[in-house]
Amino acid sequence: MMFPDVLAGPHVPHFEVHFDAKTSALSHLPGTCRLDLPVPGLHGPFEEKWLTTGAVPHREGPFYFLESSDHLHGAVVVDVAGRLEEPIQAAYSQLLEICTRRGFYLHRIWNYVPHINETDHGLERYRQFNLGRWMAFEQRFGRDLRAYMPAASGVGVGGSQFFLTFIAGKTHPVYLENPSQVPAYHYPSDYGPKPPSFARAVLVTEGGTTTGYLSGTASIEGHRTVGEGDWHTQFRTTMHNIEIMFDRMDMMEALRGPEAAAKAGIVRRDFKCYLRHAEALPLIKDWLTEELGLASHQATFLQADICRQELDLEIEAVVEKRTSGSY
Ligand code: 3EB
């Protein structure tokens, strides 16, 4: 089980992500695993702590992770100077191998792709990444590959290192799609030789709570970008997609302010917003916190390039709801 911080003492093993780091680092201490990510912070908490009771640190090749009886939680840093296909396929193959051999399903992945919108050797780097990732899923799962795709985010980062953090669990999750968007794994080849490998959201029910992982959500309808050059339209379209997904997750109250959320048993609602342009922060921060009834410190805003050149923002969420027991 992963518990909110407040319930646990300092001795509980945890995986930490520190955004806005000057330099990258992936390290182990007894009972902790820590990734320092050089993704610039714009606002809100830049530290994430995921508690994993009873977990033990492991290292396999370049992967560092904590393993408990029901979860894996970890990260990898890969140097990628040239084309991305091969190193990404290798990293994903190893991750899928680690999970499968130990009996875990991937629930959520965060990808940070260096210079994501740049083209080298005739193919945009995000498309190179998609190709390598897809090949790894296909090699592991064959024709069934789409049935194993986790919720994910994929955004840009500077430098020449690829970063990935992941959560896997023993529970086979429920995978959800958005009926107003083409599933990303069915995007047509206009968006690259192989589509992105992720589900729009994943639901995991265990120990009396349901955790919903909402993938990075952007201003896309069908498979087309909506509102190029228009932050307000992009924000409204993104929120509309989020509402559709929260409805499907049975988590609508998580969008309706603290009282309604608490009353419905929502015990966690963490939103993260990636902005291509730091100048968009004041507007988008006001719109998002207003819309969700959040205090401004309750959402994290990071500066990152988004996987499509025309997109200026992407929003993701982790929500948790008590589904049994009294509250
Ligand atoms: C989209 O809907 C926007 O490549 O893993 C969102 C979440 C996006 C994850 C990924 C990409 C990814 O296609 C981009």
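The values are calculated or read from the model by the stated rules, or taken from the named source; none is laboratory data. This is a predicted model, so every value here is computed, not measured. Neighbour counts run over all protein chains shown; Cβ positions are idealised from the backbone, glycine included. Accessible surface is based on the protein model in full, side chains and every heavy atom, while ligands, DNA and RNA are left aside. Shrake-Rupley method; radii C 1.70, N 1.55, O 1.52, S 1.80 Å.
Miscellaneous remarks
- Rounded Å value of the spacing that divides the Cα centres of the range 74-110 and the range 227-294: 29
- Over the range 174-327, relative contact order from alpha-carbon pairs under 8 Å, at least 6 apart, %: 28
- Cα gyration tensor category, rounded, prolate or oblate, for the range 36-188 with a/c compared to 1.5: rounded
- Relative contact order (%) - the range 5-322, alpha-carbon pairs under 8 angstrom, separation at least six: 17
- For Val174, solvent-accessible area (1.4 Å; no DNA, RNA or ligand), Å²: 80
- If only the Cβ of Lys and Arg carry +1 and only the Cβ of Asp and Glu carry -1, the dipole of the chain around its Cα centre is close to 780 debye.
- Sequence-distant residues sharing a close amide H with Ala25 (under 5 Å, placed H): Asp36
- Comparing mean-square fluctuations of Leu288, Leu123, Leu37 from a GNM of the chain with C-alpha springs under 10 Å, the top value falls on Leu123.
- Among the protein heavy atoms, those of His223 account for about 40 Å² of accessible surface (1.4 Å probe, every chain in place).
- Carbon + sulfur, % of accessible area of the range 5-322 - ligands and nucleic acids excluded, 1.4 Å: 51
- Prolate/oblate/rounded label for the range 5-322 (Cα gyration tensor, a/c 1.5): rounded
- Distance between the range 305-325 and the range 122-195 - C-alpha centres, whole angstrom: 15
- For the range 178-316: rounded, prolate or oblate by the Cα gyration tensor [a/c cutoff 1.5]: oblate
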